[in-house]
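Enquirer: There's a structure below that I have some questions on.
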Amino acid sequence: MEKDRIYIFDTTLRDGEQAPGYSMNLDEKIRMALQLEALGVDILEAGFAIASPGDFASVQAISRELKHTVVASLSRALEKDIDAAWEAVKLAKRPRIHTFLATSDLHLQYKLKMSREDALAKAKAMVSYARNLNDDVEFSLEDATRTDLDYLCKVVEEVIKAGAKVVNLPDTVGYATPDDMTRMVGTVMNRVPNIDKAIIAVHCHNDLGLAVANSLAGLKAGARQAECTVCGIGERAGNAALEELIMGIRTRSDEYPFSYNVKTEEIIRSSRLLTQITGVKPNPSKAIVGANAFAHESGIHQHGMMANSLTYEIMTPESVGVMNTSLVLGKHSGQHAFEKRLADLGYTLGKEEAKNLFAEFKNLADRKKTITDRDLIALVENASQSSPVIWELESFVVNSGNMMTSTACVTLRKGEKKFQEVACGTGPVYASLRAVEKIIRHPFSLEDYSLQAVTEHRDALGEVFVKISDGHGIYRGRGVSTDVIEASILSCLAAVNRMLDETVAGQTGSLKPTTPPNFDNDMLSTHSDKKKERGDA
Ligand SMILES: CC(=O)SCCNC(=O)CCNC(=O)[C@H](O)C(C)(C)COP(=O)(O)OP(=O)(O)OC[C@H]1O[C@@H](n2cnc3c(N)ncnc32)[C@H](O)[C@@H]1OP(=O)(O)O
Ligand SMILES: CC(C)C(=O)C(=O)O
């Protein structure tokens, strides 16, 4: 039997980026887009062109960069949005305008303040408007799963008549169950007379943890485009996870006899790049890409695996790009083995990047007997967190104990110059970050701090993530070291450098703080402290 072709529409850079903590700057979006093209997604939604100049610029840049993937921009059902979307994608080899309008009574009445008739007329008019600009137009009926089914069928029929090539039926709030998806898509496929003129798409959110199950149900009922994101990132509880959807189809091809363009061996590489860029790791238990997804811990499982891996493994790690190796890395290893291992782990490095990282690896190997894969992953992710280099750590000394106030003396480098400050705090980390703040003379508050061991042993690497805020944006940083104070200072400097970098501050690379920080209480050093420190009155 010939398999039906399904199309994967990736929205990591649009719906995915709407999730707090996942903002990316222009360079980061381009890197991610290139990897998504290597992964083999059919359509890449690069952003929402009218949302901001930063979004417009990144949709335009991605349109220029991609070689064969369809590039889409989202737009409301408004001429000005559609114009912006078209301006941004028109340089793409294969551009798509994606326009949407909500169709549920709830959204029509309270949000759009429109009647069903007006919304239908608007949808038709805007699809025609977009079709005058471009052949490839997708229309989404936002909140489709809570839309009256008769009305939904009418809108689908009319927007196809107006020229939509793809009609998307999103489960915008993650309310549907697989049975609902079967009913909705099945009804549309059976009842809409011109359905053969368009592709039906599903776009499922994960509020009830059903996004992937719902997408699969939609595909089984006749949809042929599934919209999803790497690691399932997205608005609220996220979107359907691309890797789960594709591996579900691949592993259960008996249930889902579809062909697709995705190269599953690129999955881990894509997920790792997302972590490198955003600093957010998938939950260890996350299917396919979590650190434990292919780990077998208990005796009975290990025994079964040794007899036949099929006993406890429904897919191989290799099928998603995790490569096993017999190479053991340590201080006697050379650059070739080092780069080979990183490639096996799913990282592609530039020449310069590989050289710098190898030097860091050698330093680490001096401190640590065996370098594990997790150590290597931490090193790469730390090195590639695209922070500009403004301030660098020269040295630090801390004095701390349970019967005293901690003090830290930190020396930073900026270009050729060195700057030193001493500060006190309730603990050595706090004291060190205050010393950094005194040196850089730019107040910030610590919004989030987390420390975890990368490996199990006594000489484990400590990995620190911080988020800092200066009242204009929130900036993240990561630091890795065998010394947790050093890791804390390094993570703080990575965030500080992002904060001070004009190309990042104030645009998409920064996150808007949810509440403006209270400078007097929250800043590591307050304005009045600052005056004293500088000798002001
Ligand atoms: C389900 C989804 O994921 S939808 C995509 C969500 N993504 C985003 O919102 C991206 C970021 N958004 C933005 O930057 C801004 O919201 C903008 C630039 C799009 C619009 O900003 P503003 O003009 O300030 O409007 P604001 O966001 O406050 O309100 C939305 C307006 O769009 C209208 N609107 C919402 N959806 C649509 C639509 N599909 N078609 C036409 N109008 C719409 C609302 O009714 C409201 O109109 P009003 O200003 O006349 O009351
Ligand atoms: C705009 C559409 C596609 C969407 O993101 C949703 O409904 O969730």
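The values are calculated or read from the model by the stated rules, or taken from the named source; none is laboratory data. Just so it is clear, the structure is predicted and the values come from calculations on it, not from any experiment. Methodologically, a virtual Cβ is constructed for each residue, glycine included, from the backbone with ideal geometry; neighbour enumeration extends over all protein chains shown.
Enquirer: Yes or no: the stretch 96-114 includes at least one residue that is closer than 27 Å to T348 by Cα and more than 18 Å from the chain's Cα centre (by Cα). Before you say what the answer is, go through the steps one by one.
Expert: Of the stretch 96-114, the ones closer than 27 Å to T348 by Cα are none.
No, the conditions are met nowhere in the stretch 96-114.
Enquirer: Next question, about the same structure. Output the number of residues of the stretch 220-238 satisfying the condition of being more than 16 Å from ligand 1 (Cβ to nearest atom) and small (G, A, S).
Expert: Result for the stretch 220-238: 4.
Enquirer: Oh, and also: Given the conditions (1) away from ligand 2 (no atom under 16 Å from the Cβ); (2) of a type in the set (K, R); (3) touching a strand residue (DSSP E or B) at 6+ places or on another chain (Cβ under 7 Å), which single one is not true for K111?
Expert: (1)
Enquirer: It is to be established whether one or more residues within the stretch 467-474 are closer than 30 Å to F361 by Cβ and either assigned to a loop (DSSP other than H, G, I, E, B) or of a type in the set (A, V, I, L, M) (or both).
Expert: So far as the stretch 467-474 goes, yes, one or more of its residues are closer than 30 Å to F361 by Cβ and either assigned to a loop (DSSP other than H, G, I, E, B) or of a type in the set (A, V, I, L, M) (or both).
Enquirer: With respect to the numbered conditions (1) part of a helix (DSSP H, G or I); (2) buried (at least 17 other Cβ atoms within 10 Å of the Cβ); (3) within 15 Å of ligand 1 (Cβ to nearest atom), which one is the sole condition not fulfilled by W86?
Expert: Result: W86 passes all but (3).
Enquirer: Please tell me if Q302 is on the phi < 0 side of the Ramachandran plot and surrounded by 14 or more Cβ atoms within 10 Å (Cβ to Cβ).
Expert: no
Enquirer: Which one of the conditions (1) more than 15 Å from the chain's Cα centre (by Cα); (2) crowded, with 18+ Cβ neighbours inside 10 Å does K263 fail to meet, given that it meets all the rest?
Expert: (2)
Enquirer: For residues in the stretch 179-225 being under 17 Å from L149 (Cα atoms) and among the basic types (K, R), which is farthest from ligand 2 (Cβ to nearest atom)?
Expert: Applying the filter and picking the extreme gives R191.
Enquirer: Is there a residue in the stretch 22-31 that is within 16 Å of ligand 1 (Cβ to nearest atom) and under 14 Å from E243 (Cα atoms)?
Expert: We begin by selecting, within the stretch 22-31, every residue within 16 Å of ligand 1 (Cβ to nearest atom); these are 22-24, 29.
Going one step further and asking which of them are under 14 Å from E243 (Cα atoms), we end up with none.
No, the stretch 22-31 contains no residue that is within 16 Å of ligand 1 (Cβ to nearest atom) and under 14 Å from E243 (Cα atoms).
Enquirer: Say whether the condition of being in contact (Cβ under 8 Å) with a residue 40 or more places away in the chain and over 13 Å from the mean Cα position of the chain (by Cα) is met by at least one residue in the stretch 274-287.
Expert: Checked against the condition, which is being in contact (Cβ under 8 Å) with a residue 40 or more places away in the chain and over 13 Å from the mean Cα position of the chain (by Cα), the stretch 274-287 yields at least one hit.
Enquirer: When you look at L91, is it in contact with a helix residue (DSSP H, G or I) (Cβ under 8 Å, 6 or more places away or on another chain), part of a helix (DSSP H, G or I) and surrounded by fewer than 20 Cβ atoms within 10 Å (Cβ to Cβ), yes or no?
Expert: No: the conditions fail for L91.
Enquirer: Looking at (1) over 30 Å from L208 (Cα atoms); (2) within 16 Å of ligand 2 (Cβ to nearest atom), which one does K93 not meet, given that it meets all the others?
Expert: It is condition (2) that K93 fails.
Enquirer: Right, here's the next one. From the list D81, D27, D4, exactly one residue is in contact (Cβ under 8 Å) with a residue 24 or more places away in the chain and within 16 Å of ligand 2 (Cβ to nearest atom). Which is it?
Expert: Exactly one of D81, D27, D4 is in contact (Cβ under 8 Å) with a residue 24 or more places away in the chain and within 16 Å of ligand 2 (Cβ to nearest atom), namely D81.
Enquirer: Go through the stretch 116-126 and give me each residue that's within 14 Å of ligand 1 (Cβ to nearest atom) and either hydroxyl-bearing (S, T, Y) or over 12 Å from D83 (Cα atoms) (or both).
Expert: D118, A119, L120, A121, K122, A123, K124, A125
Enquirer: Could you tell me which of the residues G473, G415 is among the small types (G, A, S), buried (at least 16 other Cβ atoms within 10 Å of the Cβ) and in the same structural domain as D501 (by TED's automatic domain parsing)?
Expert: Result of the check over G473, G415: G473.
Enquirer: Please go through the stretch 103-127 and pick out each residue that is crowded, with 24+ Cβ neighbours inside 10 Å, of a type in the set (A, V, I, L, M, F, W, C) and more than 29 Å from N261 (Cβ to Cβ).
Expert: A123, M126
Enquirer: Suppose we filter S285, S271, S253 for residues that are buried (at least 20 other Cβ atoms within 10 Å of the Cβ) and among the small types (G, A, S); which single one remains?
Expert: S271
Enquirer: Then there's this: Checking the conditions here, which among D105, D179, D136, D143 is in contact (Cβ under 8 Å) with a residue 12 or more places away in the chain, charged (D, E, K, R) and within 19 Å of Y7 (Cβ to Cβ)?
Expert: One residue alone meets the criteria, D136.
Enquirer: Show the residue pairs meeting these rules: Cβ distance below 6 Å; 6+ apart or different chains; first residue within the stretch 327-347 and basic (K, R); second residue in a helix (DSSP H, G or I) and surrounded by 15 or more Cβ atoms within 10 Å (Cβ to Cβ).
Expert: K331/A365
Enquirer: When you check G21 against the structure, is it in contact (Cβ under 8 Å) with a residue 24 or more places away in the chain, away from ligand 2 (no atom under 14 Å from the Cβ), in the same structural domain as E265 (by TED's automatic domain parsing) and at positive phi, yes or no?
Expert: yes
Enquirer: Kindly list the number of the only condition in (1) away from ligand 2 (no atom under 15 Å from the Cβ); (2) within 14 Å of N239 (Cβ to Cβ) that fails for L13.
Expert: Of everything listed in (1) away from ligand 2 (no atom under 15 Å from the Cβ); (2) within 14 Å of N239 (Cβ to Cβ), L13 misses just condition (1).
Enquirer: Next question, about the same structure. Name the single residue, out of those in the stretch 128-140 being in contact with a helix residue (DSSP H, G or I) (Cβ under 6 Å, 6 or more places away or on another chain) and part of a strand (DSSP E or B), that is surrounded by the most Cβ atoms within 10 Å (Cβ to Cβ).
Expert: F139
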